[in-house]
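S.K.: Structure incoming, see below.
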Amino acid sequence: MSHPFKPRMNSLTFDNLVSQFRELLARFPDKRTGNNTIHSMEDAALGAFSVFFTQSPSFLAFQRSMQETRGQNNAQTLFGVGQIPCDNHIRALLDAVAPAYALPMFATIFEALRELGYLESFRSINGDLLIPLDGTQYHTSKSIHCAQCNQTRHRNGQITYSHTMITPVIAAPGQSAVIALEPEFITPQDGHDKQDCENAAAKRWIRRYGPRYREPGATVLGDDLYSRQPLCEAILEQGLNFILVCKPDSHKTLYEWVAGLESAGGVQKLVKKRRRGKKIEIDTYRFVNRVPLRDGDDAMEVNWCELTSTCADGIVTYKNAFATNHEITGHNVAELVDAGRARWKVENENNNTLKTKGYHLSHNFGHGRQHLSTLLATLNLLAFLFHTVLGLTDSKYQLIRQKLPTRKTFFDDIRALTRYLCFETWDSLLDFMMRGLKLEVPDTG
């Protein structure tokens, strides 16, 4: 991009988010020539984004109909879409736009959340933010494909095409929300003969974005796939920390050291009892510092801990172990394990929500031949992030979500209201819902 995008956000209202986003989208490259530009690139991108934000695949069709009958529509008033393009026109315009053009919005929101203090409640071990990494597949087909697809060749000669991406988030124990960060797509890389993979994509993400999280402090979380020395070294090179699942089958040398140290009394042990409902559970922690992650003279040293949770009758309810560069003590081992276990939130609170809670991440909204699939996935992630931000910062949004029984009910209401009524602003839409639910914003003055 010829001119860097410089975020300027002093508040995180819906209007400010959309305004900032529109400024970024105006920088999208336009492949058209001549005067055939009735629809702007930002109108096309915001049109697609509005579908994801409202979780309504028919949102634009409803708004075109509303424009014809009322002379105004919610795509225009809420999202600033001047002229609503048809779905095929949106796909054609956006296919040539790489997702990198939309990614700066993630940094804009992160910095605003940080400056306004909303990240403080997400801090965990040693004051760090926790960043779980995980890969998720969102497209697979035997026929539909594009230049960015990965290919799996089967013995019968068939090819399966797929899209997968790393979806980092900021998460914390006790926090139901996760804050989506820039994705990294697992896609054919220029100059590489080998198929791209999750581990390689994770290294790219860490090297590209790690410097941003060094100063605020961050610990990378991940499953056993990530606890390999090259990735751990990449994390440390960026000034970040790590807590990664560490299984015996893939870390035989490390576990041989642990067994040897345990026989010599070198492994520390901590037992805690806690009540879970009417039952008592026993948490047994084992930990040791400075053991080799792998075999060889160049093996890096890590610190290792394990948690085994059992019922009073001895039945094991949970068992897992982690490798970390954080020094482990009897005072912090429980907190460190809690932080490591927060990695599941990237799957449950992020990927699962995107696939099964209305965002339809795995739905083919349009695949294109170049970048359409990856760009639409990015816009979908940003729609999810916008809702997360509103859930953290907007008191009316918070009250409505608390009052309505499920996420589905909330979006059902959004779809119905925007289909039949036109709202001048997002705030007026929330006010309408507040009145209908007989809610009042508490006085904070």
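The values are calculated or read from the model by the stated rules, or taken from the named source; none is laboratory data. These figures come from a predicted structure and were not determined experimentally. Backbone-built Cβ (ideal geometry, glycine too); neighbour counts: all protein chains shown. These area figures cover heavy atoms from the full protein model, side chains too; ligands, DNA and RNA do not enter into them. Shrake-Rupley method; radii C 1.70, N 1.55, O 1.52, S 1.80 Å.
S.K.: Looking only at HIS326, HIS89, HIS139, which one moves most when the chain is put into a Gaussian network model with springs between Cα atoms under 10 Å?
M.R.: HIS89
S.K.: Let me check the size of the chain from its C-alpha atoms; what are the radius of gyration and Dmax in Å?
M.R.: Radius of gyration, then largest Cα-Cα span, for the chain: 24.2, 82 Å.
S.K.: Also, I was wondering about something else. If you build a Gaussian network model of the chain, linking Cα atoms that sit under 10 Å apart, which residue out of THR140, THR284, THR324 swings the most?
M.R.: THR284
S.K.: Taking the dipole about the Cα centre of the chain, with the C-beta of Lys and Arg at +1 and of Asp and Glu at -1, give me whichever of PRO405, ALA218, CYS86 is farthest to the positive side.
M.R.: Of the options given, the answer is PRO405.
S.K.: Same structure again: Compute, for the chain, the length of the dipole vector about the Cα centre, with Cβ point charges of +1 (Lys, Arg) and -1 (Asp, Glu) only. Units Debye, rounded to 20.
M.R.: On the way: 51 positive and 48 negative charges, 216 e Å.
The calculation lands at about 1040 debye.
S.K.: Right, another one. Under the 0.36 nm per residue contour assumption, what length would be gained going from the current alpha-carbon distance of ALA416 and GLN402 to full extension?
M.R.: Values: separation 14, 0.36 × 14 = 5.04 nm, distance 1.92 nm.
Once the chain is fully extended between ALA416 and GLN402, it gains 3.1 nm.
S.K.: With a 1.4 Å probe and all protein chains left in place, how much of the accessible area of the chain comes from carbon and sulfur atoms, in whole percent?
M.R.: Numbers: 9800 of 20790 Å².
C and S atoms contribute 47 percent here.
S.K.: Over region 85-142, what lengths in whole Å, largest first, do the semi-axes of the equivalent ellipsoid take, defined as the square roots of 5 times the eigenvalues of the alpha-carbon gyration tensor?
M.R.: That gives 34, 18, 9 Å for the three semi-axes.
S.K.: Could I ask something else about it? Any chance you could run the full-extension gain for ASN126 through LYS319? It's 0.36 nm times the residue separation minus the Cα-Cα distance, nm to one decimal.
M.R.: On the way: separation 193, 0.36 × 193 = 69.48 nm, distance 2.36 nm.
Residue separation times 0.36 nm, minus the Cα-Cα distance, leaves 67.1 nm.
S.K.: Follow-up. Looking at this model, which pairs from LYS279/LYS403; LYS269/LYS319; LYS279/LYS319 are more than 25 angstrom apart at the alpha-carbon? Could the numbers behind the result be given before it?
M.R.: Details: LYS279/LYS403 32 Å; LYS269/LYS319 15 Å; LYS279/LYS319 18 Å.
Too far apart for the 25 Å limit: LYS279/LYS403.
S.K.: Could I ask something else about it? List the DSSP H helices in the chain whose Cα atoms stretch 24 Å or more along the helix axis and whose mean Kyte-Doolittle hydropathy is at least 1.6.
M.R.: Numbers: long enough: 372-393 (31 Å, 1.68).
Span-like helices in the chain: 372-393.
S.K.: Determine the shape class of region 59-175: with a ≥ b ≥ c the square roots of the Cα gyration tensor eigenvalues, call it rounded for a/c under 1.5, and otherwise prolate if a/b is greater than b/c, oblate otherwise.
M.R.: Details: a/c = 2.71, a/b = 1.07, b/c = 2.53.
It comes out oblate by the Cα gyration axes.
S.K.: Further, regarding this structure: Per residue, how many Å² of accessible area does the chain show with a 1.4 Å probe? Don't jump to the answer; show the numbers that get you there.
M.R.: On the way: 20790 Å² over 445 residues.
Heavy-atom SASA per residue in the chain reads 47 Å².
S.K.: Can you tell me the relative contact order of the chain? Whole percent, Cα pairs under 8 Å, sequence separation 6 or more.
M.R.: Working: 754 pairs, mean separation 84.0, N = 445.
With pairs under 8 Å counted, the relative contact order is 19 percent.
S.K.: Grab the Cα-Cα distance for THR160 and ARG114, subtract it from 0.36 nm times how many residues apart they are, and report the gain in nm with one decimal. Please report the intermediate quantities before stating the final value.
M.R.: Numbers: separation 46, 0.36 × 46 = 16.56 nm, distance 4.15 nm.
Stretched fully, the THR160-ARG114 segment lengthens by 12.4 nm.
S.K.: Continuing with the same structure: In the Gaussian network model of the chain, springs joining C-alpha atoms below 10 Å, which of ARG123, ARG341, ARG275 carries the largest mean-square fluctuation?
M.R.: Largest GNM mean-square fluctuation: ARG275.
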